[in-house]
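Asker: Supplied in structure tokens, the structure appears directly below.
The values are calculated or read from the model by the stated rules, or taken from the named source; none is laboratory data. All of these numbers come straight from a predicted model, not from anything done at the bench. Methodologically, a virtual Cβ is constructed for each residue, glycine included, from the backbone with ideal geometry; neighbour enumeration extends over all protein chains shown. Protein only, heavy atoms only, side chains kept; ligands, DNA and RNA dropped before computing areas. Shrake-Rupley method; radii C 1.70, N 1.55, O 1.52, S 1.80 Å.
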Amino acid sequence: MTTRISLWSGPRNVSTAVMYAFRSRVDTTVVDEPLLGHYLRATGVHQPARDAVLATFDLDGDRVVRDRMLGDWPTPVVMFKNMAHHLVDLDDTFLDELHNVVLTRDPRHMLPSLARGIPDPQVFETGLPNQVALVRRELADGRDPIVVETATLLADPPGILAEVCRRCGIPWEPAMLSWPAGPTPEDGPWGDFWYASVRRSTGFGPPRTSTPELPVHLADLLDACLPLYDEVVAHAIGR
């Protein structure tokens, strides 16, 4: 039986580093944002590499779920790196077939980074509303949500990742702590825009010790994001 893990991240949350960590396992296939084409088609949002994604990705989200996320894989474990906000216009019952891991980050750190690529982001583009919905769904179904907070992860990668593995029912592998520098074949076409830093890395870096300056025009967005983040992070491992 295949163990299916879906990381439901917000943007700029070290999700690619987590994907690289899972890629370092001997038993795992990783898939980079399989629902992005569906999300772009459904929402009309413009973002880096949009044209390349629309030209090469399957845009039918139901088919992506059926054939890829719930389909057959050659390895015992498959890990999907998803953005939480890509979970739109889909029957969410497929989530019951997955180990859902929510990766969240303090918006005081996330928003300044996001704004460098998307100058005027909207609250849904942070993924936080959908992360709240995912946490509430897990709780309503009697499950303990698997929530990872970025700074906590970076402060203790082996401890946090080992607990994620335990909750997903797979063995911890220390190989997850490192990877070769450079791009991977699994990187999506947006990697040249977003992945420069992680491609230079060979492992998880330290957490940030200072709070970056927030662009003035994002003050209202921050106010909208903070209570959502607080609800999600209350369930985070190690908090």
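Condition check ((1) among the aromatic types (Phe, Trp, Tyr); (2) closer than 20 Å to Asp96 by Cα) across all residues:
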site	(1), (2)
Ala140	no, yes
Pro145	no, yes
Pro158	no, no
Trp179	yes, no
Trp190	yes, no
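Asker: Something else now. Residues in the stretch 209-216: is at least one outside any loop (DSSP other than H, G, I, E, B), on the phi < 0 side of the Ramachandran plot and free of Cβ contacts under 8 Å to residues at least 12 places away in the same chain?
Answerer: Step one: list which residues in the stretch 209-216 are outside any loop (DSSP other than H, G, I, E, B), which gives 216.
Add one more test, that the residue is on the phi < 0 side of the Ramachandran plot, and what stays is 216.
Narrowing further to those that are free of Cβ contacts under 8 Å to residues at least 12 places away in the same chain: 216.
Checking the stretch 209-216: at least one residue is outside any loop (DSSP other than H, G, I, E, B), on the phi < 0 side of the Ramachandran plot and free of Cβ contacts under 8 Å to residues at least 12 places away in the same chain.
So that you can scan it fast, the table gives a plain yes or no per residue for (1) open to solvent by 60 Å² or more (accessible area, probe 1.4 Å); (2) in contact with a helix residue (DSSP H, G or I) (Cβ under 9 Å, 6 or more places away or on another chain); (3) of a type outside the set (S, T, N, Q):
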residue	(1), (2), (3)
Gly61	no, yes, yes
Trp73	no, no, yes
Asn82	no, yes, no
Asp89	yes, yes, yes
Leu98	no, yes, yes
Ser113	no, no, no
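Asker: If only one of Asp27, Asp60 is among the acidic types (Asp, Glu) and touching a residue at least 24 places away in the same chain (Cβ under 8 Å), which one is it? Break it down into steps so the answer makes sense when it comes.
Answerer: Numbers: Asp60 fails: touching a residue at least 24 places away in the same chain (Cβ under 8 Å).
None of the other options fit; the residue is Asp27.
Asker: Follow-up. When the residues of the stretch 1-38 are filtered to those that are over 24 Å from Ser113 (Cα atoms) and either at pLDDT below 95 or small (Gly, Ala, Ser) (or both), which remaining residue is farthest from the chain's Cα centre (by Cα)?
Answerer: Met1
Asker: Let me ask you something else. Looking at the stretch 175-197 only, could you name the residues that are more than 22 Å from Leu54 (Cβ to Cβ), in a loop (DSSP other than H, G, I, E, B) and open to solvent by 60 Å² or more (accessible area, probe 1.4 Å)?
Answerer: Correct list: Pro180, Ala181.
Asker: Does the stretch 157-174 contain any residue that is open to solvent by 40 Å² or more (accessible area, probe 1.4 Å) and of a type in the set (A, V, I, L, M)?
Answerer: Scanning the stretch 157-174 turns up no residue that is open to solvent by 40 Å² or more (accessible area, probe 1.4 Å) and of a type in the set (A, V, I, L, M).
Asker: When you check Asn130 against the structure, is it within 18 Å of Ser15 (Cα to Cα), open to solvent by less than 50 Å² (accessible area, probe 1.4 Å) and assigned to a helix (DSSP H, G or I), yes or no?
Answerer: On the way: within 18 Å of Ser15 (Cα to Cα): yes; open to solvent by less than 50 Å² (accessible area, probe 1.4 Å): yes; assigned to a helix (DSSP H, G or I): yes.
Spelling it out, Asn130 is indeed within 18 Å of Ser15 (Cα to Cα), open to solvent by less than 50 Å² (accessible area, probe 1.4 Å) and assigned to a helix (DSSP H, G or I).
Asker: Among the listed residues Phe124, Phe94, identify the single one that is under 23 Å from Gly37 (Cβ atoms), of a type in the set (Phe, Trp, Tyr), open to solvent by less than 40 Å² (accessible area, probe 1.4 Å) and assigned to a helix (DSSP H, G or I).
Answerer: Values: Phe124 fails: open to solvent by less than 40 Å² (accessible area, probe 1.4 Å).
On inspection, the qualifying residue turns out to be Phe94.
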